[in-house]
1. In segment 260-279, how many residues are farther than 11 Å from ALA40 by Cβ and part of a helix (DSSP H, G or I)?
2. Mind listing just one residue for me: the one in segment 294-314 that is hydroxyl-bearing (Ser, Thr, Tyr) and part of a loop (DSSP other than H, G, I, E, B) and, of those, most open to solvent (accessible area, probe 1.4 Å)?
3. Name every residue in segment 320-335 that is under 30 Å from ASP247 (Cα atoms) and either assigned to a loop (DSSP other than H, G, I, E, B) or modelled with pLDDT under 95 (or both), in order of residue number.
4. Taking segment 121-154 only, how many residues are without any contact (Cβ under 8 Å) to a residue 60 or more places away in the chain and over 18 Å from GLU209 (Cβ atoms)?
5. Between LYS317, LYS257, LYS291, which is farther than 21 Å from ALA105 by Cα, open to solvent by 30 Å² or more (accessible area, probe 1.4 Å), basic (Lys, Arg) and not in a helix (DSSP H, G or I)?
6. Show the residue pairs that are 6+ apart or on different chains and have beta-carbon atoms under 6 Å apart, the first residue being within segment 321-333 and small (Gly, Ala, Ser), the second being open to solvent by 30 Å² or more (accessible area, probe 1.4 Å).
7. Please tell me if ALA91 is under 30 Å from ALA50 (Cβ atoms) and buried (at least 19 other Cβ atoms within 10 Å of the Cβ).
8. Quick check, is ILE63 touching a residue at least 24 places away in the same chain (Cβ under 8 Å), part of a loop (DSSP other than H, G, I, E, B), surrounded by 13 or more Cβ atoms within 10 Å (Cβ to Cβ) and not hydroxyl-bearing (Ser, Thr, Tyr)?
Amino acid sequence: MIASIPMIRRSLLALAAGALCLGAQAAEKVTLQLKWVPQAQFAGYYVAAAKGYYKAEGLDVTIKAGGPDISPVQVIAGKSADVVVNWMPDALAAREAGVPLVNIAQVFDKSGLMLTCKKSAGVSSPKDLKGKTLGVWYGGNEYPFLNWMTKLGYKPGSDIKILKQGFNVDPLLQNQAACISTMIYNEYWQVIDAGIKESDLTTFFYEKEGVASLEDGLYVLEPNLKDKAFVAKMAKFLKASFKGWNDAVKNPEEAAKIVVAQDASGSATLAVQKRQMENVAKLISNAGTPKIGYLDPAAYERTVKVLLSGGSSPVIKKDPGAAAMTHAVWDAAQK
């Protein structure tokens, strides 16, 4: 008996639908937890998603925004993310506290953290910080500052006063602090936009002060790295993410447009995000090269050394050694 043409068509449609379902099921899910709200600091991931780079690798990536009340460490410890963006001081401190984070890639190879001070507050060199009120971010961002104070021989509470700073520049604008924490790609420019001239500011880059630690890296839980399928999935994630970052560095305006579209609050503007992306690009020395995202072992060891040198209050008490980093995922992403 020969099947009717309508029946054949229905069969073909059913097969096509089944193939589509299988294709949808084949997409591997990845959840990325960011350290902060949608902005150009994370442009590479948003660009990779918007331009289909994750999809091309067979991935279904969910990008979760961060915020002042969101800890990437807590999110991944609670198994609500596969990979997180975090600063190395916080990641290593968390590891020592029992959350087995491992760095699988280091997109930012330079630090963007700085202390921004008003010259009118009498600050022109590190020795002028003594006796001053200084704004400091906590939640894992305080470690480089505290290490610097130890290096200078200043004790918080006696030699300096610490103001636990919110993620804004108000303490400087309102003269509540002589200096505040800023990132070169974000808060520093908020100070400028508020009407303060660059010539009226004194800035201390942690990179130049010798206390910088590695910032935006990608971290996963160590037990997951024993799963070959997880490593392969993360390798695809890195490959697509690096492609997104290369595009973002090459075309800041396009990246800014993509980031602005992700900001549900509507507060992000194209001009600010483009400027931010241009400054973020300065922190990614290896963009456009095969080495993008590679964690330089020497840079890792320098960060560990800085974190161990906190005097009576070091960020970490023991050197985690090579266990807190791996090139296995990065190597797999190159294939």
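1. Result for segment 260-279: 2.
2. SER312
3. Of everything in segment 320-335, those that are under 30 Å from ASP247 (Cα atoms) and either assigned to a loop (DSSP other than H, G, I, E, B) or modelled with pLDDT under 95 (or both) turn out to be THR326, HIS327, GLN334, LYS335.
4. Summing the residues that are without any contact (Cβ under 8 Å) to a residue 60 or more places away in the chain and over 18 Å from GLU209 (Cβ atoms) in segment 121-154 gives 5.
5. Of the residues listed, the single one that is farther than 21 Å from ALA105 by Cα, open to solvent by 30 Å² or more (accessible area, probe 1.4 Å), basic (Lys, Arg) and not in a helix (DSSP H, G or I) is LYS317.
6. ALA324/ARG95; ALA333/LYS239
7. So ALA91 fits the description; yes.
8. Criteria not met by ILE63.
The values are calculated or read from the model by the stated rules, or taken from the named source; none is laboratory data. Please read these numbers as outputs of a predicted model, since none were measured by experiment. So basically every Cβ, Gly included, is an ideal-geometry build from the backbone, and we count neighbours across all protein chains shown. We work out accessible area using only protein heavy atoms, side chains counted, and drop any ligands, DNA or RNA first. Shrake-Rupley method; radii C 1.70, N 1.55, O 1.52, S 1.80 Å.
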